[in-house]
Amino acid sequence: MPADWPTTEAEALAVQQRLRGLVEPSGPGPAPDALIAGVDVAYDDDRDVVVAAAVLLSLSTLAVVEETTATGRISFPYVPGLLAFRELPTVLDALADLRHTPDLVVCDGYGLAHPRRLGLASHLGVLTGLRTLGVAKTPFTFVFDQPGPERGATAPLLDPETGEQVGAALRTREGTKPVFVSVGHRIGLAESVATTLNLTAGYRQPETTRRADSLCRRALAAAVS
DNA sequence: GCGACAG
DNA sequence: ATCTTGTCGC
């Protein structure tokens, strides 16, 4: 974990305030043959163990190129709006162990769709300089109209306080609930949506997230047994 | 004051 | 996130 990692909510809020202006909310999508990393985290709060996984996929084939895992101690409680402080220390360790540098990192959660516009995907992007985007499973505090039933349909994800568009509800699969895509860092929303769609094959969630999720669960089970 | 609230 | 069986559907 970074040496100066916050331990209180007040410190965490101050960090968000400092980093929020560094997010670059536009940029190109990845090249057709890019290497895309998916990251996810699993916890055992009772044993104070957290395991992060990073899985690198080829965007063109969705084949796994590389996988890493990192284990740590729980650094922060779950507080809505401060999830990055709980997840990122171990995620940073897992990413650092990859032999290739990802062209894009896909996070399980939000980027700009965040009360202070610094969800974990944007936070990770600012800390590493990597291109990032977030794909979340629930709309958090935001509002949206149902996108059309067909794969690829989108609808704006809006901040009910300001009316500002913070992301998109995206139907990745017919007959299932949409996912919620938002910009992380150095990529635009249209590019984030298109890339998420390209990473989705037969399931609601992108393959990056599915692979990272199953890997960190398996690694956690192995770590505590 | 109370509830809701990414994972 | 996590606790958890069977079950409906492709």
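Data for the structure
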| quantity | calculated |
| --- | --- |
| Shape call, region A:172-219: gyration tensor on alpha carbons, a/c limit 1.5 | oblate |
| Portion, in percent, of the accessible area of chain A that falls on carbon or sulfur, probe 1.4 Å | 51 percent |
| Helical contribution to [θ] at 222 nm, DSSP H n ≥ 4, -39,500 (n - 2.57), averaged over chain A, rounded to 500 | -8500 deg cm²/dmol |
| Mean Cβ neighbour count within 10 Å, used as a protection proxy, ranking A:109-121, A:53-65, A:74-86 highest first | A:109-121, A:53-65, A:74-86 |
| Cβ-derived FRET efficiency at R0 22 Å, A:S214 paired with A:D44, nearest 0.05 | 0.85 |
| Separation of the A:E174 and A:T141 label points, Cα + 7 Å toward Cβ, nm | 3.8 nm |
| Extended-chain gain in nm, criterion 0.36 nm per residue less alpha-carbon gap, A:T7 and A:A222 | 74.6 nm |
| Relative contact order (%) - chain A, alpha-carbon pairs under 8 angstrom, separation at least six | 23 percent |
| Separation of the A:A153 and A:E24 label points, Cα + 7 Å toward Cβ, nm | 3.6 nm |
| Accessible area of chain A divided out per residue, in Å², using a probe of 1.4 angstrom | 44 Å² |
| Hydrodynamic radius by Kirkwood, which averages 1/r over all alpha carbon pairs of region A:30-224, in angstrom | 16.5 Å |
| Net +/- balance of residues flanking A:E66 in space, Cβ distance below 12 Å, scoring K and R +1, D and E -1 | 0 |
| Convex hull (Cα only) mean projected area of region A:17-132, reported in nm² to one decimal | 7.2 nm² |
| Most positive-pole-ward Cα, A:G109, A:S58, A:A201, against dipole of chain A from beta carbon charges | A:A201 |
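The values are calculated or read from the model by the stated rules, or taken from the named source; none is laboratory data. For clarity, every value in this text was computed on a predicted model and none was experimentally measured. Virtual Cβ from ideal backbone geometry, glycine too; neighbours counted across all protein chains shown. Please note that ligands, DNA and RNA were not included when accessible areas were found on the heavy atoms of the full protein model with its side chains. Shrake-Rupley method; radii C 1.70, N 1.55, O 1.52, S 1.80 Å.
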